[in-house]
Amino acid sequence: MLFAVLSGFLIAAIAPWLHRLSGRHSGWLLALLPGALFVYFLGFIPEVSDGSAVRLVYPWVPGLDIQLSFLVDGLSLLFALLISGIGFFIVAYAGRYLEKHRDLGRFYVLILSFMASMLGLVLADNLIALFVFWELTSITSYLLIGYNHEDKSARQSALQGLFVTVGGGLALLTGFIMLAIVGGSYELSEILASDGLQEHAWYLPMLLLILAGAFTKSAQVPFHFWLPNAMAAPTPVSAYLHSATMVKAGVYLLARLNPGLGGTETWLLILSLFGGLTMLTGVFLSARSTGVKKVLAYSTVMALGTLVMLIGVGTETAIIAAVTFLLAHSLYKGALFLIAGILDHEAGCKDFLQTGGLRRALPVTTFFAAIAALSLGGVLPLFGFIAKELMLEAVLEAPRVAGILTAFAVLTAILGVLVAAIVGIKPWFGPRVETPKTPHEAPPAMLAGPAVLASLGLIFGLAPWLAEGGILAAAATVVYGAPLTPKLALWHGINAPLMISIAGLVLGLLLYTQWARFRAAFTWLDPLARQIGPERQYERIMAAMVASADWQTRVLQNGYLRYYLLVILITTLLMVGITAQIYDISIGELSFSGVQLQEWAILGIMLAAAFVAVTFRSRLGAVASLGAVGFAVALIYVLFSAADVGITQVLVETLTVLLLVLVLFRLPGFLNLSSRLVRIRDAIVALSVGGMMTLLMLSTTHTRLYDSISSYFVQESVPLGYGRNIVNVILVDFRALDTLGEIFVLALAAVGVYAMIKLRAEDSRK
Amino acid sequence: METLMAFAVGGLYAAAIYMMLRRSIVKLVIGLVLLSNAANLLIFTAAGMDRGLPPLIPEGMLVPDGPVADPLAQALILTAIVIGFGVLAFAVVLIHRAYEVVRADDMDQMKDTDT
Amino acid sequence: MTFEIPDFMPVIPELFVLGMACAILVIDLFVPQARRDITYGLSQFTLIGAAVLTIALASPETRFTFNDTFIADGLSDLLKVAVYLITAVVFLYSRPYLQDRDIYKGEYYVLGLFGVLGMMIMISSYSFLTLYLGLELLSLSLYAMVAFNRDSARASEAAMKYFILGAIASGMLLYGMSILYGITGSLDIKEVSDYLITSSAGLNVPLVFALSFVIVGLAFKLGAVPFHMWVPDVYHGAPTSVTLFIGTAPKLAGLAIIMRLLVDGLGPLHHDWQGMLTILAVLSLAVGNVVAIAQTNIKRMLAYSTISHVGFILMGILAGTHEGYAAALFYTLVYAIVAAGGFGMIILLSRRGFEAENLDDFRGLNERSPWFAFIMLLIMFSMAGVPPTVGFYAKLAVLQAVVQVDMIWLAIFAVIFSIVGAFYYLRAVKIMYFDKPEDESPLPKALDMNVVLSINGLLVIVLGIFPGLLMSLATGAISW
């Protein structure tokens, strides 16, 4: 299993080489891999079809509780089969479609890695592994979209799609972590088996985070805008992303989590309403578009909405409808996108308005396009019809939201037929329209995919018993969380869904005859959508973020050192102030008793000198008073039993004054640069800081709670250090390491000074 | 005494901060010197202030005769003073270079790294 | 406590680096400019030698020496080896950059080695004073290195700002330590911790003040908001080779002093510093990620990105659990690797007379060099925390740690701003892959640089696929 999932990455690594080796037929050669995987996964059907699951575990990151565990059950197997099966045709198709592209080798690397990531995603049982593969699909699909970046629109939309999905992914990650903690495990199978997920206090935040991930990935309203914009990818990629993979990942996740998280009111309302809205929005936008890929892309949005809605409704019928619809959609959408590629490749058409009457030139393509389109429109006797009937049935009997969902579904049925007609009739029938290239039939490699996929839609429609047992039943069972046995049939008798279908068919075809008018009728929406649509909101949020970033830069990062200082000081003041408030600071009594006269005098001189240094206009005067401050400090040391410190202070102070005098005179005189207001502000800040320090000292001097370790040094100075000056003994003996460090620091300051002076001297010599 | 020292140190801090908030580069240096003096005094005060009890051990004795001032705090301040000087020397050279770049005694000329 | 001749074994790497740095300083005086490679080679030898010594002396048990002011344990061994390796990579990347700008001087390497020594002392200090000395040693080296390029007005200015603000922050840290000394009567981290555990006085006001000042100092050194203003200006103003140095190894030392001071020393006050760190983390995440968007200069952008990463590191620490500390350590190691690659890319694209500092200089890199565009893509994805790069596991570990202590809102907040942050990393990717190059010149660079940068980039993904090793190293270093 591990090998099966990772084989995509392995083959991807040597794909360019294989490509060079095999030349023209590289597509078929590399398609063997997904083909083989498909066969491999087919082998699991007997084991899984009775509702059981196969679980395989490989250790991976023990420190983080991450195992590479895979779970093969009905749901994951259904997806794995779709991914590998459709992948087979896509790779073969791409070999021919991109034959002349200079980077076909790189394309293979990307598409095979993408396929492997997708397989990993659906098969992973560990949440983190699932997430890793989830983001891998985002990255590889991004690179696939970027593959054709000559296109201007591709460049513009490139960032959008990635940002939306990666952003959603990060939200999902948090949701997963919470899910794992609530469920007590990182293994999906264990989480879903645990009780009490829905009653937990984290249920709502967890659900919203996971939905953010799933909705962005599966392009639900209001995130649907990125999907069509990401349509710039080469057509085989679009076909793959839209039919079975990428965008279905979100749906897969919701289906997977349904037994654990589903069934609540919140789940029902959010999923079914957003899904229903997405369905309607998708089909409406699809019917209004004319670009071939755009029509198809929006119809994918519709399908994704339908699936999410059905999972949200969550009744037996709804779940059966969901898995059926999933299969039907993958088949017809894959076929149609590949046909769109043929239209582009063989006739040069990218827009439905450029096409018409191609049935003579492309008879085979026309046939399969028509079948696939019928399935899309949900017309008898295609598989798409069965899926749609089930969907309508589920919606009609949905709890709580049946009314509004039915309204959505009816409108969707009508517009769906219109879209099907655009795809299935417009290019092939009617008057011949001149195409940019002389149209001719595509080579077998490109026809194989549409032919097989479209035919399967027809076969499953005519013989639904082929599909209903085995895999579909197993998948539905997994999603529902209890055994389900779907009974699929073309004919359910004359009932409400059938009436809706018939009405939809008639109205849809009528609308098709008025397609141009239909499009024109809604042009007034465009400026409105540009104003308030989600894409606009996305741009607005982005613009607001940039603006706020600019603003913060101007305010916080203006380059003025003194503002930086101010911010730091004020923050510290606030921190201390708040702490003082909270802890109710107490200061000891203010006692000036016992202070001798000379001490008053020294401190007075010191403060006066400091004041002079601050206010004096002349540099020499300022430096001299600075010296006075220093000597006053030295006197205090000497008076209070610290003779050594005092002497050092005197020496250092002398050196400092000398240094300042020497250097300052190479600098210009003081300028009075600040306005009075600024000086007052600074004075207030300075005094507050000074006051804060005073306050802190007053509150801390009386709180010596512990006997100083100094007593140890005092005791042991002579016995161990053989010295009578305890300070000296500490410096050179007990704390020699610190003194060594001090010497390093001094030496380093010297090296720094030296380096700066030396480099400058060298400079002036030049 | 500690009470008085608290006010004196607060005053020194205020002077230092005010100087550091000025635009003149030279004033900035003066502010730095004041700041290091204030910090040293602060540590000194925090360790407790005693008159006439130098941490020395008289000849012929193993321990001092009676209580002495905290020697560890003094060692700490010694270190701080010396490092302060090293840092100051460094600062002066740096500032001199900065001055050569902007050719004015004005910090506000130095905002080239602004976006 | 008994006095004895200090055990020199644990400090042998420090002594080696010190001796070599001094020797190189002297040797360099006699080396002509044309043979500057001798200095470079000796510096690299020093780092490799120190790594060998540290690994050879490593042992699972904790070793103290110099009256318990110096500690060697799993954490210090791991961080030191990481510092050597990252610095060696930094030196290697710097060489072509310095050569192109005629500042290929021995002093760069000597200062760098002194900086390494400072970091080693910070990592191994178990006393406030030793720690402070290490910090000053590192800071002074960095100030001098920032001002290293004589021709650059920006660099002098950046050094100036860095120095002044750094001095204030050091002062605050020192003040906090001195209050602690005043209260507990000790400078030794172990004894301070013992005091806090045994004293029933519990929380008193001066203790909280001390804590505030210590945290302000630490926050400044790490560049957490609102003490971050130096970061963008210094990253931008310094020569890129120095930015590379500042942006990588010192973060490891910064983490070490946080672990020593807050966790080992002030661990009993966890409840109090948790709140303060939460505020810092929240602000750092918000400001770092949002402001980065407005930057067009990639060095400034990476500076803000650093700020936001610091927010994540703080989140791991404030969780206050073993998992949290291990996550913070893991995050920091990953950050250093990734940031080295990021700044390395800037150096790679720069050449004589041209600094590839602007985001626009990365336009269409995919067409100029698909390989290095891919490397940069990996680096950007890792910074954004996208799997399968190692940056993902870093974020995951931190988020897990935070959620485990029930701070879900913080995790969600972090995620929201990570999404904002993803925007500018992904924008860089988009520029490389989707825009047209303005500058079509190929990327001629030394072979060693290309090879090491490639390894650096691939490490991001190799560690991402096999994060187990690094993770277990981090977990092992924390379980004392």
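Values quoted throughout were computed directly from the atomic coordinates according to the rules given, and no laboratory measurement underlies them. Given the structure is predicted, the values throughout are model-derived calculations rather than measurements. All Cβ positions, even for glycine, are placed from backbone atoms using ideal geometry, and neighbour counts span all protein chains on display.
A few remarks follow.
- Cα gyration tensor shape of the stretch C:9-477, rounded if a/c is under 1.5, else prolate or oblate by comparing a/b with b/c: oblate
- Structure-based [θ]222 nm, the protein assembly as shown - -39500 (n - 2.57) summed over DSSP H runs of at least 4, per residue, nearest 500: -24500 deg cm²/dmol
- Evaluated with a Cβ-only charge set (Lys, Arg +1; Asp, Glu -1), the protein assembly as shown carries a dipole of roughly 4840 debye about its Cα centre, given to the nearest 20.
- Net charge dipole, the stretch C:9-477: roughly 680 debye, given to the nearest 20, about the Cα centre with Cβ charges of +1 for Lys and Arg and -1 for Asp and Glu.
- Potential lengthening between residue C:194 and residue C:371 on full extension [0.36 nm per residue; Cα-Cα distance subtracted]: 58.3 nm
- Acute angle (nearest 10 degrees) that the helix A:619-639 long axis makes with the longest principal axis of chain A, alpha-carbon atoms: 70
- Proximity of backbone amide H atoms, modeled 1.01 Å from N, is registered between residue A:291 and A:352 at under 5 Å, excluding neighbours fewer than 5 places apart on the same chain.
- Couplings 3J(HN,Hα) of the stretch A:350-364, computed from phi: 10, 9, 4, 5, 7, 10, x, x, 8, 5, 6, 6, 10, x, 5 Hz, in residue order, whole Hz [Karplus 6.51 cos²θ - 1.76 cosθ + 1.60, θ = phi - 60°; x for Gly and Pro].
- Shape category assigned to chain A from the gyration tensor of Cα positions, a/c cut at 1.5: prolate
- Shielding by partners - mean other protein chain Cβ count within 10 Å, residues of A:719-732: 5
- The ranking of C:108, A:58 by Cβ neighbour count inside 10 Å, starting from the fewest, reads A:58, C:108.
- Relative to the longest principal axis of the Cα atoms of chain C, the long axis of helix C:390-404 makes an angle of roughly 30 degrees.
- 0 to 90° range, to nearest 10: angle between helix C:370-384 axis and chain C longest Cα axis: 30
- Applying the criteria of a DSSP loop state and at most 12 other Cβ atoms within 10 Å to the trypsin sites (Lys or Arg not before Pro) of the stretch C:338-385 yields C:352.
- In this label model, residue A:546 and residue A:52 are separated by 5.9 nm, measuring between points 7 Å along each Cα→Cβ vector.
- Relative contact order for the stretch C:9-477: 14 percent, from Cα pairs under 8 Å spaced at least 6 residues apart, divided by residue count.
- Span from the the stretch C:1-73 Cα centroid across to the the stretch B:9-73 one, whole angstrom: 34
- With a 10 Å cut-off around each Cβ of B:53-64, the average count of Cβ atoms from other chains is 6.
- Amide H to amide H, with H built 1.01 Å from N, residue C:127 comes under 5 Å of C:189, counting only residues 5 or more places away or on other chains.
- Computed E for residue A:432/residue C:151 - FRET, C-beta separation, R0 56 angstrom, nearest 0.05: 0.20
- Along the axis of the charge dipole computed for the protein assembly as shown (Cβ charges of +1 for Lys and Arg, -1 for Asp and Glu, origin at the Cα centre), the listed residues B:37, A:286, A:582 are led at the positive end by A:286.
- Selection among C:198, A:165, A:518 by position relative to the dipole of the protein assembly as shown gives A:518 as farthest towards the positive end (Cβ unit charges, Cα centre).
- Cα gyration tensor shape for the protein assembly as shown, rounded if a/c is under 1.5, else prolate or oblate: prolate
- Working ranking of peptides A:305-318, C:151-164 by packing, defined as the average number of other Cβ atoms within 10 Å per residue, highest first, is A:305-318, C:151-164.
- Spacing of the modelled spin labels on residue A:521 and residue B:51, each 7 Å from Cα toward Cβ, amounts to 10.3 nm.
- Once the chain from residue A:578 to residue A:615 is taken as fully extended at 0.36 nm per residue, the excess over their C-alpha distance is 10.1 nm.
- Ranking of A:7, C:441, C:76, A:138 by count of other Cβ atoms within 10 Å, fewest first: C:441, A:7, A:138, C:76
- Remark: the residue A:537-residue A:45 segment gains 172.5 nm on full extension, using 0.36 nm per residue and subtracting the alpha carbon distance.
- Burial ordering of C:168, A:270, A:319, fewest other beta-carbon atoms within 10 Å first: A:270, C:168, A:319
- Label point at residue C:462 placed 7 Å out along Cα→Cβ; residues across the stretch C:358-377 whose backbone nitrogen lies under 20 Å: C:371-377
- Counting only chymotrypsin sites (Phe, Trp or Tyr not before Pro) that DSSP places in a loop and that have at most 12 other Cβ atoms within 10 Å, the longest clean stretch of chain A runs over A:1-490.
- For residue A:484, the residues 5 or more places off, or on other chains, whose built amide H falls under 5 Å of its own are A:477.
- Taking the stretch A:607-646 and a reference point 7 angstrom along Cα→Cβ of residue A:676, the backbone N atoms nearer than 20 Å belong to A:615-617.
- Positive dipole terminus of the protein assembly as shown, leading residue within A:612, A:320, A:21 (C-beta point charges): A:21
- Total charge dipole magnitude, chain A, about the Cα centre, Cβ charges on Lys, Arg, Asp, Glu only, Debye to nearest 20: 3080
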